[in-house]
Amino acid sequence: MKVLHLISRYRWTGSAEPAVSLCAFQAKAGADAYLCCIPGGSLEREAQARGVRLVQAADLGRNYTPWGILAAAGSLARCVERERITLLHAHTQHDHWLAAMAQTFFAKTNVPLFRTLHETRRIRVGRVWRRIFNHYTAMNVAPSRSATDFFTSSGAILPEKVRTLYGGLDFSRFRVSVPPPNIREAWGVPKDALLIAHLSHIGPDRRQRQMLEAFALLADEYPRAWLVFLGQGNKATVSELRECVQSSSFAARVVFSKDHSEKGISWPDQVAAADRVVVLAVGSEGSSRGAMEAMALARPLIGARLGVLPELVEDGKTGWLADPESPLSIAGALRTSLAAPEIAARVGGAAAALIRARFRCERQAEETIALYREVLGEAAPPVRQAGSR
């Protein structure tokens, strides 16, 4: 089995890490897996660091001129034939339709085309895309049951053309430092503070405002509580959020981790420094890796009741769920977790056990390879019959 993954990205963001990790772990599981991306960026560097084999099968840059599209599609078809690729696996909209075009107009022999739909908040439902999803694509993969239901109910994808395969974490890379750095000192947070982390890219759809309002409801009740916005963001949304913070009575107890990025503190160490982690949006890669990372580190999690999060979190057992649009609901879930530290510790431990047992990159790679084999019609190893040699 020779698999070529396609991702029309050059930055290490969004769907980049899930795509690269899947390719790397498929290779470890025995598949002959390769990756084609836009060269010269952080994605290519990270893929190389993970030992992923890169192939420049086609120019995946967003060249929408007729000659650019035809050249890229033709190059991809020739690479599939030359390298004897068994199947293609697309990870973005651009490389998906490009692969479909290569197969339709340039390929001498078609190979199955797979697509992982990392973006779970919207989908194209027009006639052309319905044909791509259901006719030119052997199987579409969604990272949650809620995404699968959304894709099928939208009319874009037939139920038999989509499967749910959850994401996973690479525990060989996601680990805290030993000994851990003094992150609270680096952030200017008191040693005995009760640190609540809002984990997300700072953006207009990530509900930082709701988090701030929820914290306001708890600030007087828990005078030792501090809030850290854990993530990067664009200048406009960060500036707007800072203005909201500065107008509050608890501004001195709010930290932006991006202000300390030059200190080079690893991401797992930052997450581990929090006493509670709040995730109110799924993000652009659909599997909510941030929530899984917090849970894997046994951080008690308050998650939004949307997307994949209710499938990761069992309310009151491996975390708490809240209405992401309601500061009152978010504050209530936080208050419940803060009221009984021993219960919160037990919930965090149960979450870590769940993620480390069921949400690993190894499992994701094995399930994806099994799906490939199903579509390819490869028979399972024969079962020995009594008396056979």
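The values are calculated or read from the model by the stated rules, or taken from the named source; none is laboratory data. Given the structure is predicted, the values throughout are model-derived calculations rather than measurements. No Cβ is skipped: glycine too gets one built from the backbone with ideal geometry, and neighbour counts run over all protein chains shown.
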Report task. May I ask you to list the residues in region 24-43 that are in contact with a Phe, Trp or Tyr (Cβ under 7 Å, 6 or more places away or on another chain) and either not in a loop (DSSP other than H, G, I, E, B) or not assigned by TED's automatic domain parsing to the domain that holds Ile85 (or both)? Result -> Ser42, Leu43
Report task. Could you check, for region 130-151, whether at least one of its residues is farther than 20 Å from Ser284 by Cβ, of a type in the set (A, V, I, L, M) and surrounded by fewer than 17 Cβ atoms within 10 Å (Cβ to Cβ)? Result -> no
Query raised in the report: For region 261-290, how many residues are over 15 Å from the mean Cα position of the chain (by Cα) and part of a strand (DSSP E or B)?
Result: 3
Query - Meets criteria (out of contact with any helix residue (DSSP H, G or I) (no Cβ under 8 Å at 6 or more places or on another chain) and either more than 30 Å from Ala219 (Cβ to Cβ) or modelled with pLDDT of 95 or more (or both)) for Ala322 - result: no
Query raised in the report: Right, Leu158: surrounded by fewer than 18 Cβ atoms within 10 Å (Cβ to Cβ), of a type in the set (A, V, I, L, M) and in contact (Cβ under 8 Å) with a residue 12 or more places away in the chain or not?
Result: yes
Report summary line: Exactly one of Trp12, Trp67 is assigned by TED's automatic domain parsing to the domain that holds Ala107, among the hydrophobic types (A, V, I, L, M, F, W, C), surrounded by fewer than 23 Cβ atoms within 10 Å (Cβ to Cβ) and assigned to a loop (DSSP other than H, G, I, E, B), and that one is Trp12
Query raised in the report: Given (1) within 30 Å of Arg224 (Cα to Cα); (2) without any contact (Cβ under 8 Å) to a residue 40 or more places away in the chain; (3) of a type in the set (A, V, I, L, M, F, W, C), where does Ala370 come up short, assuming only one miss?
Result: (1)
Requested in this report: Filter region 245-259 for residues that are in a helix (DSSP H, G or I) and surrounded by 16 or more Cβ atoms within 10 Å (Cβ to Cβ) and give the result.
Outcome: Val245, Arg253, Ser257
Requested in this report: List every residue pair whose Cβ atoms sit under 7 Å apart, with the two residues 6 or more apart in sequence or on different chains, where the first one lies in region 291-307 and is closer than 19 Å to Gln210 by Cα and in the same structural domain as Ala350 (by TED's automatic domain parsing) and the second, anywhere, is at pLDDT 95 or above and of a type in the set (Phe, Trp, Tyr).
Outcome: Ile302/Trp320
Report task. Give Gln103, Gln48, Gln56 a once-over and let me know the one that is touching a residue at least 24 places away in the same chain (Cβ under 8 Å), not aliphatic (A, V, I, L, M) and not in a strand (DSSP E or B). Result -> Gln103
Report task. Would you confirm whether any residue within region 313-327 is part of a helix (DSSP H, G or I), buried (at least 16 other Cβ atoms within 10 Å of the Cβ) and more than 20 Å from the chain's Cα centre (by Cα)? Result -> yes
Query - Residue list for region 14-24, restricted to those being under 16 Å from Gln93 (Cα atoms) and touching a residue at least 40 places away in the same chain (Cβ under 8 Å) - result: Gly14, Ser15, Pro18, Ala19
Requested in this report: Inspect region 365-388 for any residue being touching a Phe, Trp or Tyr at 6+ places or on another chain (Cβ under 9 Å), outside any helix (DSSP H, G or I) and modelled with pLDDT of 95 or more and give the result as yes or no.
Outcome: no
Report task. Please enumerate the residues belonging to region 182-204 that are farther than 23 Å from Met295 by Cα and of a type outside the set (A, V, I, L, M, F, W, C). Result -> Glu185, Gly188, Pro190, Pro204
Query raised in the report: Which numbered condition trips up Arg122, out of (1) under 24 Å from the mean Cα position of the chain (by Cα); (2) surrounded by fewer than 17 Cβ atoms within 10 Å (Cβ to Cβ); (3) farther than 18 Å from Glu160 by Cβ; (4) touching a residue at least 60 places away in the same chain (Cβ under 8 Å)?
Result: (4)
